[in-house]
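Single-structure report; data block below.
The values are calculated or read from the model by the stated rules, or taken from the named source; none is laboratory data. Predicted model only: the values in this text are computed from it and were never measured. Cβ placement follows ideal geometry from the backbone for every residue including glycine, while neighbour counts extend to all protein chains displayed.
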Amino acid sequence: MIALKTEINIEYKKRINVVFQFIDQNLDSDLSLDTVSKIAFFSPFHFHRIFKTITSETLNEFVTRRRIEKSALDILHTKYSISEISHNYGFSDNSAYSKSFKKFYGVSPTEFKKQNPNKFTKIRQLNSKNGQEYPTLDEYICIINNLKKWIQMNAKIEIKEMQKMYFTYISCLGSQELANAFQKLISWAIPKGLMNEQTKLMTIYHDSLKVTEEEKARLSACFILDKPFENTGEIEFSEINSGKYIVGNFEIKLEEFDMSWTSLYLWMNENNHKKADGDSFEIYHNNFNEHPEKKAIVDFYIPIE
């Protein structure tokens, strides 16, 4: 009975992962309960209960949040007008969009666009809704200069054409669940003889931590393969298509990951690159616990056009 229950739970999570992908690909479309539940092959009533159990949000709350978060990234990284962005994410008019946006971030989209520091620091850390003020101009300049110095001293940055890459993965909600996902993945790989000195682990960020709270962000713990692999149980298989990437190589402590990502996105903007559709990810080249200074040797990848 326990084994059957575990199998069902794994199947439910796989179906919800498909739903996550469908929602992000159709944020401008009808994402009603009836529509989305069909994607997961559940009745609307059953889907509602399962979705809220897994995400701690109703479908409507989740969809609204994703639309606002994705639109915030467009405000930061594109030249679309507020009106165009509102339309692109399925809002009926600018007024409805502005009201939803302000409820979420504490400022209107127009005010948000004027806050240049948002381009290079996590929005949730600057958000007045969380009781913090935006930095002054002098503070902002200091932040940017420090990030520029940081990346000059700590990173080797290249533009690379990456070939198609295969991987198995376990997805999770919240960065606090990532270590557990990796443990499950490693426990699966060891008896299959897949773990060796050449093994590369990877974290994929399906959400940007610039606009999504860490406990709600969707991430995948991944194991890179040299060929396709059949899905087994909770372990799923996928691939990343070939494409152009900014690749930043770092040797850093765990507490420096956030600054490294922020500085790499700053480098992207300063060098007039535009982020392409697709997820950013990290590939690890060592076990930081075995490093004499407890540092991770890691490549950060950002897809660009």
Q: State yes or no: is Asp34 closer than 25 Å to Glu236 by Cα, in a helix (DSSP H, G or I) and of a type outside the set (Val, Ile, Thr)?
A: no
Q: Identify all residues within region 217-236 that are over 25 Å from His285 (Cβ atoms), of a type in the set (D, E, K, R) and surrounded by fewer than 17 Cβ atoms within 10 Å (Cβ to Cβ); write none if there are none.
A: Glu230
Q: Enumerate the pairs (first residue in region 138-158 and more than 13 Å from Met259 (Cβ to Cβ) and of a type outside the set (Asp, Glu); second residue anywhere and modelled with pLDDT under 80 and assigned to a helix (DSSP H, G or I)) with beta-carbon separation below 6 Å, excluding pairs fewer than 6 apart on the same chain, so at least 6 apart or on different chains.
A: Tyr140/Pro117
Q.
Considering only region 225-245, I want to know if a residue exists there that is small (Gly, Ala, Ser), within 17 Å of the chain's Cα centre (by Cα) and within 30 Å of Pro109 (Cβ to Cβ).
A. no
Q: Select from region 160-201 the residues that are surrounded by fewer than 15 Cβ atoms within 10 Å (Cβ to Cβ) and touching a His at 6+ places or on another chain (Cβ under 8 Å) and list them in ascending order.
A: Lys200
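Does Ile297 satisfy the criteria of being assigned by TED's automatic domain parsing to the domain that holds Met202 and crowded, with 16+ Cβ neighbours inside 10 Å? Give the derivation first.
Details: assigned by TED's automatic domain parsing to the domain that holds Met202: yes; crowded, with 16+ Cβ neighbours inside 10 Å: no.
For Ile297, the condition - assigned by TED's automatic domain parsing to the domain that holds Met202 and crowded, with 16+ Cβ neighbours inside 10 Å - is not met.
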Q: Please give the number of the condition Gly278 fails out of (1) in a loop (DSSP other than H, G, I, E, B); (2) within 21 Å of Leu173 (Cα to Cα); (3) in contact (Cβ under 8 Å) with a residue 60 or more places away in the chain.
A: (3)
Q) For region 104-112, does any single residue satisfy the condition of being part of a helix (DSSP H, G or I), hydrophobic (A, V, I, L, M, F, W, C) and at pLDDT 85 or above? A) yes
(Q) What's the total number of residues in region 181-207 that are among the aromatic types (Phe, Trp, Tyr), touching a residue at least 40 places away in the same chain (Cβ under 8 Å) and either part of a loop (DSSP other than H, G, I, E, B) or closer than 13 Å to Thr168 by Cα (or both)? (A) 1
